[in-house]
Amino acid sequence: MVAVLSKKAFKLPRVEKEKFILLIRLGLEYNREQGVYSIKSYNNIEKLTDTIASILNSEVVFLQSCTRCGKDFGCSDCKYNELCTTKDLPFSCVCPQCLRDRKHFEEYLEKF
Amino acid sequence: MPNDLLWVEKYRPKKIEDIIGNEEAKATFIEWLKSKRRSKKAVLLYGPPGVGKTALVNAAAKEFGFIIIEMNASDARSEKAINEIAKPATSYVALDSFSAVTKGNLLFLDEVDGIAGNEDRGGVGAIIKIIEESRVPIIMAANDPDIDKLRPLKKVCLLIRFQQIRIPLIIALLQKICLLENVKADFEALEHIAQNSRGDARSAINDLQSLSEENHVLTLQDTMTLSFRNKDISLDETLRGFFSAKSVGEASSLLSRSNVDYDEFIMSVSDNLPKRYSDPNELAAAYDLVSQADVFRRRIGTEHWFLLKYFFNALSKAAAVAPESYKPFEFISPPIRIITLFWTKGKRTMLNGICGKIGAQCHVSHETAKHDFVPFIKNILQNQKSSPLASWLKLTPEEVDFLIKMNKY
């Protein structure tokens with residue numbers, strides 16, 4: 001099973017105190033009002049992902065945000081998946097459509 | 001712009017948004033730089049080369065009106081040199097910092113992991129002192145922050161990690177440069193350059209320039225001359241890729257690309273196997289393969305590298321005993337054996353000191369003292385702590401306590 005999460009906000013099941021402290025130390029932030037987590041620091045992102053995966057007991061995949069069109073997409077669509085050292089981690093990227101689409105690209109360049 | 005300019009210089013990011021990738025690291029850095037009350041006076045940007053650390057500092061300083069005072073690897077960075085250059089720059093607030101145009105100085109120490117050797121003696125200590133007293137922001141950049149020398153520095157800095165730039169982002173950058181330089185490039189050619197760069201935008205731009213500057217046309221065929229860059233894959237990354245591999249081939253190809261220490265890696269694999277395989281039969285099969293790999297590792301030694309493929313093969317088979325049962329787990333890393341050695345270093349040093357004293361008095365080697373004398377001396381001291389034996393051996397009260405409480409020797 002694969003859990004697809006958004007870095008901006010995601011929910012986790014209730015965890016014991018030690019685990020919660022570990023999550024916060026690894027870089028998560030908890031919004032008490034909404035009961036959701038978001039990523040505050042990316043320095044330990046691999047360990048953080050492993051910890052979340054062990055809590056959810058499933059593989060964890062974060063959505064990527066496209067720097068050109070702003071849409072969220074998954075790494076599974078990307079053909080450079082195997083070569084990527086930050087595969088499925090929550091970082092910005094360019095979605096496959098924008099990368100191939102010349103029209104989109106020229107519109108993007110006009111912004112600069 | 002002059003034509004003979006290197007493209008890396010010509011397209012060096014001038015604004016923060018020109019820097020590709022690492023959006024999260026950029027945001028954290030900008031937030032820190034803009035903040036009036038910084039929780040930490042210094043920041044350490046770390047990550048592989050060519051990902052935009054120096055470019056970000058230069059672009060941000062320009063955008064927010066700071067004057068950069070830079071010391072990089074080409075300068076001597078001894079205690080004296082740092083105190084001569086960096087101290088005045090950080091201790092006084094420049095008059096122009098009150099103007100609307102500039103915000104004063106910013107000290108930038110590039111490649112701090114390169115501070116080493118006699119030339120840079122006392123450099124890290126001097127930097128820490130300057131950070132404590134500084135009235136201006138201090139920014140440092142390093143490729144490898146894990147070296148022992150930087151440990152005290154990391155405690156006083158806000159750490160911001162930079163990742164390799166993703167291939168699609170490098171392709172996008174190359175597309176932009178091609179458009180501005182009127183280069184007609186095949187998408188596949190740019191793709192090949194980006195893949196070959198392994199997340200290093202600087203080397204990708206250099207490759208693009210060297211291949212296309214003359215003809216302004218770039219095909220996939222032209223890029224075939226590029227040699228494959230072999231970048232380090234960390235132990236954690238290798239472990240993650242190794243255990244999630246879906247086939248022996250995938251695990252083996254990852255091992256051949258990684259430059260991890262094989263002895264350390266095999267220990268880590270052994271530590272993590274019980275987390276990977278819950279079925280005892282699968283676990284036994286995996287351990288059997290790891291032991292075969294270990295045999296090959298010993299036979300390889302430092303000369304017989306032609307056996308490496310058999311080592312890779314046996315180890316990769318251990319990763320792919322039951323690929324379908326893979327579930328993510330928290331890795332044990334570094335290896336338990338290394339951690340244990342680290343934690344027991346103090347105890348081992350103490351025991352060695354005691355064995356040295358016994359050896360000197362009884363005219364025996366350290367080993368003989370450890371195995372033949374220590375158990376009896378321990379027994380004597382347990383029965384009578386103030387035994388004259390302790391003073392004859394010149395043991396300190398701490399050493400006597402240590403011997404009495406010691407479980408294993």
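Since every read-out is calculated from the coordinates, none of them should be taken as a lab result. Because the structure is a prediction, the values reported are computed rather than measured. As a convention, Cβ positions derive from the backbone with ideal geometry for all residues, glycine included, and neighbour counts pool all protein chains shown.
Determine the shielding of peptide B:157-165 by partner chains: average, over its residues, the number of Cβ atoms on other chains within 10 angstrom of each Cβ.
On the way: counts 0, 2, 3, 3, 5, 1, 6, 3, 3.
Counting Cβ atoms of other protein chains within 10 Å of each residue's Cβ and averaging gives 3.
Taking a ≥ b ≥ c as the square roots of the Cα gyration tensor eigenvalues, with a/c under 1.5 meaning rounded and otherwise prolate when a/b beats b/c, else oblate, which class fits chain A? Each step should come with its number before you reach the end.
Values: a/c = 2.66, a/b = 1.98, b/c = 1.34.
Cα axes put chain A in the prolate bin.
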Residue with peak Gaussian network fluctuation, chain A [Cα springs, cutoff 10 Å], from A:Glu16, A:Glu59, A:Glu82: A:Glu16
Acute angle (nearest 10 degrees) that the helix B:374-383 long axis makes with the longest principal axis of chain B, alpha-carbon atoms: 70 degrees
Within region B:287-380: Cβ-based charge dipole about Cα centre, in debye rounded to nearest 20 (Lys, Arg +1; Asp, Glu -1): 240 debye
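Please return the longest range in chain A lying between exposed loop sites, taking trypsin sites (Lys or Arg not before Pro), DSSP loop only, at most 11 other beta-carbon atoms within 10 Å, and leaving the sites out. If you can, show how the numbers build up before the last one.
Details: sites that count: A:Lys11, A:Arg14, A:Arg32, A:Lys79, A:Lys111.
That gives A:33-78 as the longest site-free run.
Report the Stokes-Einstein translational diffusion coefficient (µm² s⁻¹, integer) for chain B, Rh taken as the Kirkwood radius over Cα pairs, at 4 °C with viscosity 1.567 mPa s.
Once the numbers are plugged in, D ends up at 50 µm²/s.
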Amide H partners (placed H, <5 Å) of B:Phe162, local residues excluded: B:Tyr46, B:Gly47
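Counting Lys and Arg as +1 and Asp and Glu as -1, each charge on the Cβ, what is the dipole of chain A about the Cα centre in debye, to the nearest 20?
Working: 18 positive and 15 negative charges, 46 e Å.
I would put it at about 220 debye.
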Within straight-line cross-link reach of B:Lys10, lysines at Cα separation under 28 Å, skipping those fewer than 8 residues along the same chain: A:Lys103, A:Lys111, B:Lys26, B:Lys34, B:Lys53, B:Lys62, B:Lys103, B:Lys176, B:Lys184, B:Lys231
Debye log10 I(q)/I(0) for region A:1-60, one point scatterer per Cα, at q = 0.19, 0.22, 0.25, 0.27 Å⁻¹: -0.63, -0.87, -1.16, -1.37
Calculated [θ] (222 nm, deg cm²/dmol) that DSSP helices of n ≥ 4 give over chain B, each run adding -39,500 (n - 2.57): -16000 deg cm²/dmol
Residue mean of other protein chain beta carbons inside 10 Å, A:92-100: 5
Over region B:283-342, volume per residue of the alpha carbon convex hull, in Å³: 106 Å³
Per DSSP, loop trypsin sites (Lys or Arg not before Pro) in region B:120-182 with at most 13 further Cβ within 10 Å: B:Arg135
Net charge, B:Glu367 excluded, C-beta distance under 15 Å - Lys, Arg +1, Asp, Glu -1: +2
Rounded tilt (10° steps) of B:201-212 against the dominant C-alpha axis of chain B: 50 degrees
Within 10 Å of each Cβ in B:319-330, the average number of Cβ atoms from other chains: 3
Kirkwood Rh, angstrom, the protein assembly as shown [1 / mean 1/r, Cα pairs]: 26.9 Å
Long-range amide H partners of A:Ala3 with built H, under 5 Å: A:Glu59, A:Val60, A:Val61
Residue (of A:Leu22, A:Leu83, A:Leu48) at the positive-pole extreme of chain A, dipole from beta-carbon charges: A:Leu22
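How high is the relative contact order of chain A, in percent, with contacts defined as C-alpha pairs under 8 Å that are six or more residues apart? Let's see the in-between values first.
Working: 146 pairs, mean separation 27.1, N = 112.
The normalised contact order for chain A reaches 24 percent.
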Sorted peptide list for B:25-32, B:210-217, B:312-319, criterion being average Cβ within 10 angstrom, highest first: B:312-319, B:25-32, B:210-217
Built amide H within the under 5 Å cut-off of B:Asn105, gap 5+: B:Ile67, B:Ala94
Most positive-pole-ward Cα, B:Ser244, B:Asn259, B:His363, against dipole of the protein assembly as shown from beta carbon charges: B:His363
